[in-house]
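So the structure is just underneath, and the comments pick up after that.
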Amino acid sequence: MPEQDFAYIIVGGGLAGASAVEGIREMDGSGSVLLIGNENHLPYHRPPLSKQLWLGKKKVEEIFIHDRQFYEKSNVTLSLGTEVAGIEPGKKTVRSAAGKTYHFGKLLLATGGTPRRLSVPGGDLEGICYYRFLDDYLRMRKDTGEAKSAVVVGGGFIGSEIAAALVANKITVTMIFPEPYLCNRVFPGSLGMAIQNSYIGRGVTVFARDRPQSFEKKGDVFVTATEKGRCIESDLLIVGIGIVPSDALAKEAELRTDNGIVVDEYLRSSHQDVYAAGDNAVFPYQALGRQMRIEHWDNALNQGKQAGRNMAGAGEAFTYMPYFFSDLFEFGYEAVGEVSAELETFADWQRENDTGVIYYLKDGKVRGVMMCNVWEKVEAARALIRKGEKVKPEELRGLIR
Ligand SMILES: Cc1cc2nc3c(=O)[nH]c(=O)nc-3n(C[C@H](O)[C@H](O)[C@H](O)COP(=O)(O)OP(=O)(O)OC[C@H]3O[C@@H](n4cnc5c(N)ncnc54)[C@H](O)[C@@H]3O)c2cc1C
C-alpha cells in the first residue's frame, strides 16, 4: 500500500521541477504536490556555478529559485535528499530508495542529467570533480583556497567557463580536449580560434586535439597523462565533458526513451499520466520541425512550467523557442534555434569575432542565430527562424544589430 497519495508528484529538484510547481499552481491552487529531489539543497540555478559565484557577483544564498516559504505557501511537500529508485506508471506509484511508496495522479520526471565520466584508468579517482552540482562548487571553492593549478578536461561550455572562473581566481589552468578549438560544436572556426587565443593570452595552456589517457595521484597532486605523451601535474582536476540524460527511471518502467525521455507536444511521455521536462526530455521542437533534447536553462524553466500546467489540465502544446547564453571572459552571447557549427554559417560582424550576429543556415533557411555581445534581440531571431523563408546569406547583413 502506498504510504501517501498526491495529486502531483515531481521527481527532480532542479529548475524544471521547481518551475513545474509554478505551472501546477497557476492551474490548480489546491491539489497536493510532492517534490522529491536527491540533492540536499532547495532547487537552485546552475549557471552561476560556473560564472557569478566565482567572480564575486553572486552569493550562494542568492542562487536558489525560491525560498522555503514559497514551497510552504504553495502547499508543496518537499522531500530533499531523497533518491527515487523506481516508478510504476500502471499502479501510479513512485518508490524511494529508502523503500517508501507514494501514489500520484500525475507524475513529472524532471531528473535532468548526470555528468559524463571518463572511462580511462584513474577516471574514478577520489577528488576528481565531474562538475555539475552545488556541492561540486562548494568543494572546489574550498579546494581553490590552497590550490595553485588546475587541469580542466573538456572544451565545451562548462570546461571553458570553469577555466575562465579559475583564472579569475588566480589558478594556473591547463585545458585538454580532443576538438580543434573551444566550443567547436557551436562556434564557427574563426570565432572559436579567436576565443581560444584570448584564453591563451590570459595564461591558459590549451592542449587541443589531445585527450587524457590516465590519471594518477601522487600525494595531493593529480598527474594527467595524455594520448600525445604529455604529463601534467595539478592540484585540481575538473572534468566537464557533457551529460547523460537521467532517463533510467523511465527506461525501467518501459516508457519510450531515445537518449532521453520521449514526450509529445504536451510534454507527456508514452504513458498518459507521466510527463518529462528539462535536460532529460526529447520533445518535438515545433519551429524547427524535429525532435530535440535541449540542455539549457531557459528550456528547463519554460518546459517545466508548461509540463506543470498540462499536468493540471491546461492541454497546451509547448511551442516556446528557448534561448541559451554563456559568458567566456568578456565574450557573452545569447542564441536561439539550431546553433550547430555543422550547418552553413554567415557572420555579420560589427567587430570581428567580438560583436555581431552569426546565422546558421540549412537548405537556405535560417535555423539558428547567435548574438555575440548583442543583447535583447532574441525575439527578432525567433521571428526570423519561425518565418522559415529561403534567404541569401548576404541579405542577412544588418538584419539584427
Ligand atoms: C555549471 C553549469 C553551468 C550552466 N550554465 C548555463 C548557461 O550559462 N546557460 C544555459 O542556458 N544553461 C546553462 N546550464 C544548463 C542548465 O543549468 C540546465 O539546462 C538546467 O539546470 C536543467 O534543469 P533540469 O531541471 O532539467 O535538470 P537538473 O538541473 O539536472 O535537475 C535535476 C535534478 O533531479 C535530481 N535527480 C535526478 N535523478 C533523481 C532521482 N532518481 N531521484 C531524485 N532526484 C533525482 C538531480 O540530482 C537534480 O537535482 C549550466 C549547467 C551547469 C551544470
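Coordinate-derived values only; no laboratory data. All figures in this text were calculated on a predicted structure; none of them were measured in a lab. Don't worry about glycine lacking a Cβ; one is built from the backbone with ideal geometry, like all the others, and counts go over all protein chains shown.
Before moving on, here are some points about what is shown:
- Note that the range 330-396, at 4 °C in a medium of 1.567 mPa s, gets a Stokes-Einstein diffusion coefficient of 110 µm²/s from its Kirkwood radius over C-alpha pairs.
- Global size of the range 166-242 as Cα Rg and Dmax, reported in angstrom: 13.1, 41
- Equivalent ellipsoid of the range 278-352: semi-axes from √(5λ) of the C-alpha gyration tensor, largest first, are 28, 15, 10 Å.
- Per-residue [θ]222 nm for the chain (sum of -39500 (n - 2.57) over DSSP H runs n ≥ 4, rounded to 500): -6500 deg cm²/dmol
- Least to most buried among K377, K106, K59, K217 (fewest other Cβ within 10 Å first): K59, K217, K377, K106
- Projected-area mean, the range 155-200, by convex hull of Cα positions, square nanometres: 2.9 nm²
- Taking a ≥ b ≥ c as the square roots of the eigenvalues of the alpha carbon gyration tensor, the range 106-228 is rounded, as a/c is under 1.5.
- Taking label positions 7 Å along the Cα-Cβ direction at both K365 and A98, the computed distance is 5.1 nm, reported to one decimal.
- Spatial separation of Cα centroids for the range 44-92 and the range 291-336, in angstrom: 17 Å
- Straight-line cross-link reach from K100 at under 16 Å between alpha-carbon atoms covers these aspartates and glutamates, not counting any fewer than eight positions away in the same chain: E3, D5, E83, E88.
- Peptides 40-51, 76-87 ranked from most to least packed, by the mean per-residue count of other Cβ atoms within 10 Å: 40-51, 76-87.
- Packing-based exposure ordering (other Cβ within 10 Å, fewest first) of R230, R367: R230, R367
- Within a straight-line Cα-Cα reach of under 22 Å, K170 can be paired with the following lysines, leaving aside sequence neighbours fewer than 8 residues apart in one chain: K51, K57, K58, K59, K142, K148.
- Among S119, S234, a tally of other beta-carbon atoms within 10 Å of each Cβ gives an order, fewest to most, of S119, S234.
- Column: log10 I(q)/I(0), Debye, Cα scatterers of the chain, q = 0.10 Å⁻¹: -0.72
- Whole-number percent relative contact order across the range 105-229, with pairs defined as alpha carbons under 8 Å at least 6 apart: 22 percent
- Per-q log10 I(q)/I(0), the range 195-279, q = 0.17, 0.22 Å⁻¹ (Debye; single scatterer per alpha-carbon; no solvent): -0.77, -1.01
- One chain, two ends: D273 and R141. Fully extended at 0.36 nm per residue, the span grows by 43.4 nm beyond their Cα-Cα distance.
- Anisotropy class of the range 14-127 from Cα gyration tensor, a/c 1.5 cut: oblate
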